[in-house]
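The values are calculated or read from the model by the stated rules, or taken from the named source; none is laboratory data. These numbers were taken from a predicted model, which means no experiment stands behind them. Positions of Cβ are backbone-derived with ideal geometry, glycine not excepted, and every protein chain shown enters the neighbour counts.
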Amino acid sequence: MSVVRCDGIVQIYKAQDVEVVALRDVDLMIDEGETVALLGPSGAGKSTLLWLLAGLLRPSAGRLWLDGTDLGRLGQRRLDRLRAARIGVMLQNPARNLIGYLSAAQNVAFAQRAVRRDRRRARDLLARVGLGEAGDRPAGRMSGGEQQRLALAVALANKPRLLLADEPTSQLDDGTGRAVVELIKRAAALDGTTAVVVTHDTTVSEALSRTVTIRDGRVGAEGRRGEDFVVVGREGAVQVPPEYHHLLPPGSMARIEPLEDGIALRRAES
Ligand SMILES: Nc1ncnc2c1ncn2[C@@H]1O[C@H](COP(=O)(O)OP(=O)(O)OP(=O)(O)O)[C@@H](O)[C@H]1O
Ligand SMILES: [Mg+2]
């Protein structure tokens with residue numbers, strides 16, 4: 001059974017009198033222990049998908065399952081409980097993941113309130129993100145990079161089933177960035193944590209087991225073991241990757257040539 005299953009997810013934001021379609025018909029299955037890099041240009045809908053998977057937002061249409069539980073069928077209280085116990089979230093803005101007046105250890109302890117408190121795990125996580133000596137300094141006074149590392153320790157505090165991290169290395173140097181990636185992979189290997197990581201950082205995406213690229217609100221491509229594939233979506237839609245736009249520009253007409261094992265698209269001369 002998949003840990004994450006998205007079925008025809010649509011997200012529409014309403015701002016004043018305009019509607020923004022942030023996601024359209026996203027279908028996605030992610031298995032236990034997979035580490036997925038979520039890629040795509042700015043505004044593609046990556047953070048929106050993360051918010052939906054985190055249960056922080058309910059989709060405009062479509063269904064979303066976590067470990068077989070249909071999130072849309074849960075009332076707010078049960079959803080909150082499930083989130084606190086089973087989902088670790090690291091939002092794009094590091095400070096938003098933390099309680100500013102609490103220390104590093106207190107922030108991790110707070111995240112563990114939903115499960116049995118595990119002081120050893122808390123200490124181990126803080127040491128692994130290089131905050132073993134952070135002492136009593138409140139999180140609100142930490143640098144952006146320190147907050148980012150602490151946010152990951154907080155997100156992993158409960159051995160979550162699902163870790164969702166939005167640009168977890170954006171404020172880190174290469175060395176600390178690698179430590180963060182190692183921690184995510186370790187959680188996947190040791191605890192079976194499934195991770196979805198939004199990133200622009202190729203050292204992060206190359207270290208994870210799978211890539212999913214979102215463009216214009218759809219899953220356009222997927223990568224496994226270094227090879228990239230386009231995804232044939234509902235009704236057969238395929239996105240031509242930007243690197244081929246010079247051969248087949250958006251809006252152009254193409255001829256379809258059937259081959260033994262697929263089709264070829266050739267630009268029709270107009
Ligand atoms: N709260 C909101 N209200 C209205 N529109 C929104 C809201 N949040 C996001 N959007 C719009 O939805 C689309 C997707 O936004 P999203 O933040 O998911 O993109 P992203 O891929 O995370 O981009 P980035 O890489 O810049 O973080 C964008 O067009 C954005 O302007
Ligand atoms: Mg974003």
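Residues in region 41-68 that are part of a loop (DSSP other than H, G, I, E, B) and near ligand 2 (Cβ under 9 Å from one of its atoms): 42, 43, 44, 45.
Please verify whether residue 74 is surrounded by 15 or more Cβ atoms within 10 Å (Cβ to Cβ) and more than 15 Å from ligand 1 (Cβ to nearest atom), treating the condition exactly as stated. Against the criterion (surrounded by 15 or more Cβ atoms within 10 Å (Cβ to Cβ) and more than 15 Å from ligand 1 (Cβ to nearest atom)), residue 74 qualifies. Tally up the residues in region 261-270 that are over 24 Å from residue 27 (Cβ atoms) and either in a loop (DSSP other than H, G, I, E, B) or in contact (Cβ under 8 Å) with a residue 12 or more places away in the chain (or both), please. Summing the residues that are over 24 Å from residue 27 (Cβ atoms) and either in a loop (DSSP other than H, G, I, E, B) or in contact (Cβ under 8 Å) with a residue 12 or more places away in the chain (or both) in region 261-270 gives 5.
Listed here are the residues, each with its yes/no results for (1) under 16 Å from the mean Cα position of the chain (by Cα); (2) part of a helix (DSSP H, G or I).
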{"position": "187", "(1), (2)": "yes, yes"}
{"position": "212", "(1), (2)": "yes, no"}
{"position": "220", "(1), (2)": "yes, no"}
{"position": "238", "(1), (2)": "no, no"}
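Is there a residue being assigned to a loop (DSSP other than H, G, I, E, B) and crowded, with 17+ Cβ neighbours inside 10 Å anywhere in region 242-260? No, there is no match, as no residue in region 242-260 is assigned to a loop (DSSP other than H, G, I, E, B) and crowded, with 17+ Cβ neighbours inside 10 Å. Sub-9 Å Cβ pairs linking a first residue in region 206-235 that is in the same structural domain as residue 196 (by TED's automatic domain parsing) and at positive phi to a second residue that is assigned to a strand (DSSP E or B) and away from ligand 1 (no atom under 16 Å from the Cβ), at least 6 apart or interchain, are 225/210, ordered by first then second residue.
Among the residues of region 69-81, is there at least one that is under 25 Å from residue 200 (Cα atoms) and assigned to a loop (DSSP other than H, G, I, E, B)? No, that holds for no residue. In this entry, residue 108 is excluded by the filter for residues that are touching a residue at least 12 places away in the same chain (Cβ under 8 Å), surrounded by 15 or more Cβ atoms within 10 Å (Cβ to Cβ) and outside any helix (DSSP H, G or I). Among the numbered conditions (1) part of a loop (DSSP other than H, G, I, E, B); (2) free of Cβ contacts under 8 Å to residues at least 60 places away in the same chain; (3) more than 15 Å from ligand 1 (Cβ to nearest atom); (4) not small (Gly, Ala, Ser), the only one that residue 32 does not meet is (2).
Listed by first and then second residue, the pairs with beta-carbon distance under 7 Å, at least 6 apart or on different chains, first residue in region 155-175 and in contact (Cβ under 8 Å) with a residue 12 or more places away in the chain and within 16 Å of ligand 1 (Cβ to nearest atom), second small (Gly, Ala, Ser) and part of a loop (DSSP other than H, G, I, E, B), are 164/54.
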